[in-house]
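Peer 1: There's a structure below that I have some questions on.
The values are calculated or read from the model by the stated rules, or taken from the named source; none is laboratory data. This is a predicted model, so every value here is computed, not measured. Because the Cβ atoms are built from the backbone with ideal geometry, glycine has one as well, and the counts that use them run over all protein chains shown. Surface accessibility is based on the protein's heavy atoms, side chains included, excluding ligands, DNA and RNA. Shrake-Rupley method; radii C 1.70, N 1.55, O 1.52, S 1.80 Å.
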Amino acid sequence: MSLRDSRIVVGVTGGVAAFKSVELVRELQRRGASVRVVMTRSAARFVGPITFTGLVGTPPVTDLWDPSYRGEVHVELGEWADAMVVAPATMQFLASAAHGFADDPVLATYACLRGEAVFAPAMHTRMFERASTQRNLARLADDGVHLVGPVSGPLASGEVGLGRMSEPSEIVDALERVLGTRADLAGKKVLVSAGPTYEDLDPVRFLGNRSTGKMGYAIAARAAARGADVTLVSGPSSLEVPKGVNVVRVRSAREMHAAVVGRRDEADAIVMTAAVADYRPAETAEHKIKKGDDLVLRMVRNPDILAELGASRTGPRPVLVGFALETQDVEGSAKRKLEKKKVDLVVGNEASDGFGGDTNKVVIVSRDETRTLPLMSKLDVADALLDRIRDLLAR
Ligand code: C5P
């Protein structure tokens, strides 16, 4: 599994090995993760916060009392992260975490963490072997924390012994294993449609729309990161296919129809984010249409893929999700679409909020509730939607 599109908080506590946490952040980024850093006051004596600002783009959280944070930054990060890696994890940190203290940014973020925790202890051999440390490590492991290392080798004191922090690449390997086993969509087959469709007029011209495919690609990426077996049926798009996702490329609405309908029986969930063209030219000219007087085109209706899936479904599977891009009355039309297309969820968004960009502001409508979400990245929207899909699949 890759860390592509995963969100990792790196916690740095005060030990000499803190210099290696810079390399750890780099390694996480190289493997595709989004990283945020939190550090203790003593960690900042070993490695400069500015170094992390330079690498990550966002300053590390060094002080929970910093008035520049809106809201509670530890709560926000604890919610955001798929996992938290604390490296180095000092004797002091392990003891505090094992006992539920939350009085520095790293501890407080761990206290609020929803995702997985990976700690990489680093300390002198005698500190590591101290009965209290061993007790605390056992307790943390019991709490579900994944421990990596320490290993034997040269220590800061000049001695050689057990207590050296694992190498950053090994810590990241361990994290990948941890996230691989966390996958809450493992074993589920998710089909996502994305992008526009192009309806050919002649060999060189087509009618299309301005969809980029970003929302659908984000859903495919997050579903794969969460362990699903993902097929992305994509209209023309220049986006990179997310890692671990099978792509089926199509051009027209009719091709998309065939690709989606042909796979519906094996899908646990189908998410139609594609901006499928409602009409196509009645004829596609064999040769380039010559310039002449005014041109009148006759357009005919394309199949409504989602409506067909909804109408032909006999049981609760596959879970069906539609998107409703509107310029007005988003919630109302999302609700109407839910009924009309007989689907489980409709994600409504206003064209001005989501088109082409990396963020989106959506409302998720189901039969029993309406949830309005704040402006978020498309990856976050994808996760919120996948949470709902996971819950529906559990029923
Ligand atoms: O009816 P409307 O096109 O606004 O509905 C949008 C939803 O229906 C989207 O999820 C879109 O992918 C899907 N759709 C479809 N086939 C069409 C048109 C839209 O599956 N021909």
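Peer 1: Using modelled amide H (1.01 Å from N, peptide plane; none on Pro or chain starts), what sits under 5 Å from the amide H of Asp229, excluding residues fewer than 5 places away?
Peer 2: The answer is Gly187, Lys188, Lys189, Val190.
Peer 1: Taking the alpha-carbon centroid of each part, what is the distance from region 280-343 to region 201-262 in angstrom?
Peer 2: First find each Cα centre; the distance between them is then 16 Å.
Peer 1: For Gly153, what residues show an amide H to amide H distance below 5 Å, using hydrogens built from the backbone and excluding near sequence neighbours?
Peer 2: Gly161, Leu162, Gly163, Arg164
Peer 1: Per residue, how many Å² of accessible area does region 189-393 show with a 1.4 Å probe?
Peer 2: Computed with neighbouring chains in place, this is 49 Å² per residue.
Peer 1: With +1 on each Lys and Arg Cβ and -1 on each Asp and Glu Cβ, how big is the dipole of region 189-393 about its Cα centre, in debye rounded to the nearest 20?
Peer 2: Charge dipole, region 189-393, about its Cα centre: 280 debye, nearest 20.
Peer 1: Then there's this: Would you work out which of Ala228, Ala97, Val118 lies farthest towards the positive end of the dipole of the chain? Charges go on Cβ: Lys and Arg +1, Asp and Glu -1.
Peer 2: Ala228
Peer 1: Taking a ≥ b ≥ c as the square roots of the Cα gyration tensor eigenvalues, with a/c under 1.5 meaning rounded and otherwise prolate when a/b beats b/c, else oblate, which class fits region 250-358?
Peer 2: Oblate shape, in that a/c is at least 1.5 and b/c is the bigger or equal ratio.
Peer 1: Here's a follow-up. For region 7-180, report the % of Cα-Cα distances exceeding 29 Å.
Peer 2: 11 percent
Peer 1: Same structure, new question: Which percentage, to the nearest 5, of the DSSP beta bridges contained in region 322-395 is antiparallel?
Peer 2: Counting DSSP beta bridges with both partners in region 322-395, the antiparallel share is about 65 percent.
Peer 1: Further question on the same structure: Short version: ³J(HN,Hα) in whole Hz for each residue of region 340-349, in order, from phi by Karplus 6.51 cos²θ - 1.76 cosθ + 1.60 (θ = phi - 60°), x for Gly and Pro, what are they?
Peer 2: Running phi through 6.51 cos²θ - 1.76 cosθ + 1.60 with θ = phi - 60° gives 5, 8, 6, 10, 8, 9, 10, 9, x, 8 Hz.
Peer 1: Of all the accessible heavy-atom surface of region 189-393, with the other protein chains kept in place and a 1.4 Å probe, what percent is carbon and sulfur?
Peer 2: Within region 189-393, the accessible surface is 48 percent carbon and sulfur.
Peer 1: Please build a GNM for the chain, connecting alpha carbons under 10 Å apart, and tell me which residue among Thr13, Thr40, Thr125 fluctuates the most.
Peer 2: Highest fluctuation of the listed residues: Thr125.
Peer 1: Ratio of Rg to Rh for the chain, alpha carbon only, Kirkwood?
Peer 2: 1.08
Peer 1: Given charges of +1 on the Cβ of Lys and Arg and -1 on the Cβ of Asp and Glu, with all other atoms neutral, how large is the dipole of region 7-180 about its Cα centre, in debye to the nearest 20?
Peer 2: Computed charge dipole of region 7-180: roughly 240 debye.
Peer 1: Report the charge-dipole magnitude of the chain in Debye, nearest 20, computed about the Cα centre from +1 at each Lys and Arg Cβ and -1 at each Asp and Glu Cβ.
Peer 2: 580 debye
Peer 1: Next question, about the same structure. When only the heavy atoms of the protein chains count and the probe is 1.4 Å, how do Arg395, Arg4 rank by accessible area, highest first?
Peer 2: Result of the area sort, largest leading: Arg395, Arg4.
Peer 1: In deg cm²/dmol and to the nearest 500, what is the mean residue ellipticity at 222 nm of the chain if only DSSP H runs of at least 4 residues count, each as -39500 (n - 2.57), divided by the residue total?
Peer 2: -10500 deg cm²/dmol
Peer 1: Evaluated at 37 °C with a viscosity of 0.692 mPa s, what Stokes-Einstein diffusion coefficient in µm²/s does region 189-393 have when Rh comes from the Kirkwood expression over alpha-carbon pairs?
Peer 2: 189 µm²/s
Peer 1: Same structure, new question: Got a sec? What order do His74, His146 fall in by accessible area at 1.4 Å, biggest, i.e. largest, first?
Peer 2: Ranked from most to least accessible, the order is His146, His74.
Peer 1: Can I ask one more? Counting only DSSP beta bridges with both residues in the chain, what percent are antiparallel, rounded to the nearest 5?
Peer 2: DSSP beta bridges in the chain are roughly 30 percent antiparallel.
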